[in-house]
Amino acid sequence: MGFQKEDLDVILVPTGLLLMFGYHLFLLYRYLRLPHTTIMGFENHDKRAWVRSVMQVEKKDIGNFLGVISSNVSAATFFSSVSLTLSSLIGAWMSSSSGSFLRSELIYGDRRVTTVSIKYVSLLVFFLIGFSCFVQSSRSYIHANYLISIPVGDDSNAATVTKAAELAVVRGSDFWSVGLRSLYFALVMLFWFFGPIPMFAASLAMVIVLYYLDYNTTPLIEHRFAGVFALKKVEGRISETISEAAEAFRVQRRD
């Protein structure tokens, strides 16, 4: 029994998925061990500094900062809606479409009904993963919105709330990134509908493009917002102390 074109799906499709998963495992390793070499680690460093600077601003002046969080929530909500809508369309297509095009002679590969169903289910799974991640991203950003709006008192409470806000913002960013990755996987799986060869080519091209986009060579920015705001607070306290001492001296002289 010789090699048939149906066997291409057994070879090329798993190979393409291994390329995608292998690259993302490599990216996860670099993100955890060498975060400054990835664009996600570089952006999270800036986001942590942004949160620290926001937490030291007067609460009456944080309206513009909360607008940034609202923009992220709106974007995550939009992509979650798109993912859910596409999932619904795929489900409806699976139940009603005869799939005549997907089993036509134009598709060079396995055209059996079982393989077509696997294609639908695979695409649906990645869209549902994207929907779940975007929803969790919105949840994290909304929680960060609450934390940033909390009036903090002593320095210990302020440090705790700041750490929690940083964690919420970074977690929202991580869920956002995972949601986008699931859409990238869904795009690759979409090419499988046209055959295993386009799917493998799309996987290879996607890995090359993502490596170019994810690799970071820019040095981390040394943010000094916290020191500046702390210095302003110290200056304000010194000015208040001098004013109180001067007022007490004037009262003592009148007496």
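Here's the yes/no breakdown for (1) among the aliphatic types (A, V, I, L, M); (2) touching an Asp or Glu at 6+ places or on another chain (Cβ under 7 Å); (3) modelled with pLDDT of 85 or more; (4) crowded, with 19+ Cβ neighbours inside 10 Å:
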residue: Asp174; (1), (2), (3), (4): no, no, yes, no
residue: Gly179; (1), (2), (3), (4): no, no, yes, yes
residue: Thr218; (1), (2), (3), (4): no, no, no, no
residue: Phe225; (1), (2), (3), (4): no, no, no, no
residue: Phe229; (1), (2), (3), (4): no, no, no, no
residue: Ser243; (1), (2), (3), (4): no, no, no, no
residue: Gln252; (1), (2), (3), (4): no, no, no, no
*asked:* Going through Thr160, Thr218 one at a time, which residue ends up being assigned to a helix (DSSP H, G or I) and either over 30 Å from Ile90 (Cβ atoms) or under 24 Å from the mean Cα position of the chain (by Cα) (or both)?
replied: Thr160
*Could you grab the pairs with beta carbons closer than 7 Å, sequence gap of 6+ or different chains, first residue in segment 10-23 and within 11 Å of Ile197 (Cα to Cα), second one not in a helix (DSSP H, G or I)?*
none
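Is it true that some residue in segment 96-106 is in a helix (DSSP H, G or I) and at pLDDT below 80? Lay out the reasoning, then the answer.
Going through segment 96-106, the residues in a helix (DSSP H, G or I) turn out to be 96.
Then drop every residue that is not at pLDDT below 80, which leaves 96.
Among the residues of segment 96-106, at least one is in a helix (DSSP H, G or I) and at pLDDT below 80, which makes the answer yes.
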*What pairs come up if the first residue lies in segment 190-211 and is under 18 Å from Ile90 (Cα atoms), the second is buried (at least 19 other Cβ atoms within 10 Å of the Cβ) and basic (Lys, Arg), and their beta carbons are under 6 Å apart, counting only those six or more places apart or on different chains?*
Trp192/Lys119; Phe193/Lys119
*Please enumerate the residues belonging to segment 179-223 that are of a type in the set (Val, Ile, Thr) and over 16 Å from Leu123 (Cα atoms).*
Ile197, Val207, Ile208, Val209, Thr217, Thr218, Ile221
*Take segment 170-222 and flag every residue that is under 28 Å from Gln136 (Cα atoms) and of a type in the set (D, E, K, R).*
Arg171, Asp174, Arg181, Asp214
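The values are calculated or read from the model by the stated rules, or taken from the named source; none is laboratory data. From a predicted model like this one, the values you see are computed outputs, not experimental measurements. Positions of Cβ are generated from backbone atoms using ideal geometry, with glycine treated the same way; all protein chains shown enter the neighbour counts.
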